[in-house]
Every structure is written in structure tokens, then in C-alpha cells.
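Visitor: Could you have a look at this structure, given as C-alpha cells, before my questions?
Values quoted throughout were computed directly from the atomic coordinates according to the rules given, and no laboratory measurement underlies them. The model shown is predicted, which means the values in this text are computed figures rather than measured ones. When we count neighbours, we look across all protein chains shown, and the Cβ atoms used for this are built from the backbone with ideal geometry, even at glycine.
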Amino acid sequence: MRINDTITIADWELSESFTRSSGPGGQNVNKVSTAVELRFEAARSPNLPEPVKARLKRLAGRRWTLEGALVLRVEDTRSQARNREIARDRLTELIKQALERPKRRIATRPTLGSKRRRMDAKTRRGEVKTLRGKIQSDD
């Protein structure tokens, strides 16, 4: 599977299993295994650099297993072939997102105006809270 000019995923890194889909579909749902579970052994992949693997793990979230595999489950359509295509497309998009190096944030100082606005808001809020207190009688 080709991701871009430099990265290609070998067949041994991918494994697919098919199960029955949930949801509506009548008898077709009970007979045909159309849901696809695509498993990509990302941690063992020699084609992905380590920083890309780390970003991919963060992007994958719950889909990342303890063994270091990325598991995508697709049951969008009633066609097994179309679900396979969708799963592969989603994997490709995820890897492409992980390939993009995030921009470093340049630390900036808050402007004088923003500091003043913040302090004014805090003062106003404090006044509102003071007015909520018990009323003191002069007696």
C-alpha cells in the first residue's frame, strides 16, 4: 500500500478480518460478514520513522493496542469490498496526518491592553461576589 513517494506499507504489516456488521440490513446482516477490521502493525513497521509512529499513536487514541498495532473497524456499507477500501483510505489519511510535523509554538507575551482587560474583568467579578454577601446592619 502506497502512502506517498517515500513511504510504502508492506502486505505483512496489514491483516484483515471480517465479521458481521451491526445495525439494520435484514437477513443480509445475519448471513454475510461485511464489517472489516484492518490491523496495521505500526510499532514494528520499518517504513515509518519513530517521530511519525509517536504522532500516529497520539492520533489513533483508543484504536492503538498495547502490542503497538493500529486497529480500524469499518462497517459503513453493506459491501465487504467497499468497507475494505474505506478502511485502507482511513489508514492512509491517518498516516498522512502523522507525517505532518506540527509547527513549534513561539511563546509571546500578553499585550498591555489584554492585561488591563483581564484585571478589569477580575475586579468587576470580585465586586459582584462581594455584593452577594450578607448585608451588614449599622445598628
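Visitor: Relative to the compact-globule scaling 2.2 N^0.38 Å, provide the ratio for the alpha-carbon radius of gyration of the chain.
Guide: Values: Rg = 26.6 Å, N = 139, 2.2 N^0.38 = 14.3 Å.
Relative to the rule-of-thumb radius for its length, the chain sits at 1.85.
Visitor: Rounded if a/c is under 1.5, else prolate if a/b is larger than b/c, else oblate: which is the range 78-121, with a ≥ b ≥ c the root eigenvalues of its Cα gyration tensor? Before the final figure, lay out each step's value.
Guide: Details: a/c = 12.02, a/b = 3.06, b/c = 3.92.
It comes out oblate by the Cα gyration axes.
Visitor: Here's something else I'd like to know. Placing +1 at every Lys and Arg Cβ and -1 at every Asp and Glu Cβ, with all other atoms neutral, what dipole size does the chain have around its Cα centre, in debye to the nearest 20? Display every interim value, and only then the final one.
Guide: On the way: 33 positive and 18 negative charges, 213 e Å.
Around 1020 debye, computed over the chain.
Visitor: Still on this structure, please answer the following. Net charge near Ile3, counting Lys/Arg +1 and Asp/Glu -1 over other residues with Cβ under 13 Å of its Cβ?
Guide: Values: positive: Arg2, Arg88, Arg90, Lys96; negative: Asp5, Glu13, Asp89, Glu93, Glu100.
Here the count lands on -1.
Visitor: With angles folded into 0 to 90 degrees, how steeply does helix 80-99 sit against the dominant principal axis of the chain? Use alpha carbons for both and round to 10.
Guide: 50
Visitor: I want to check the label-to-label distance for Thr19 and Thr130. Put each point 7 Å from Cα in the C-beta direction and report it in nm to one decimal.
Guide: 6.2
Visitor: Which one, Gly68, Ala35, Gly133, is farthest towards the positive end of the dipole of the chain when Lys and Arg carry +1 and Asp and Glu -1 on their Cβ?
Guide: Gly133
Visitor: Taking all pairs of distinct Cα atoms, average 1/r, flip it, and tell me the Kirkwood hydrodynamic radius of the range 1-78 in Å to one decimal place. Let's see the in-between values first.
Guide: On the way: mean 1/r = 0.0712 Å⁻¹.
It is 14.1 Å.
Visitor: Restricting to bridges with both residues inside the range 1-102, how much of the DSSP beta-bridge set is antiparallel, in percent to the nearest 5? Can you show the working numbers first?
Guide: Numbers: 13 of 13 bridges.
Restricted to the range 1-102, the bridges split so that about 100 percent are antiparallel.
Visitor: Distance from the Cα centre of the range 114-133 to that of the range 5-81, in angstrom?
Guide: If you average the Cα positions of each part, the centres end up 52 Å apart.
Visitor: On a full-extension model of 0.36 nm per residue, what is the gain between Gln80 and Gln27, subtracting their alpha-carbon distance, rounded to one decimal in nm?
Guide: Values: separation 53, 0.36 × 53 = 19.08 nm, distance 1.55 nm.
Fully extending the segment from Gln80 to Gln27 adds 17.5 nm.
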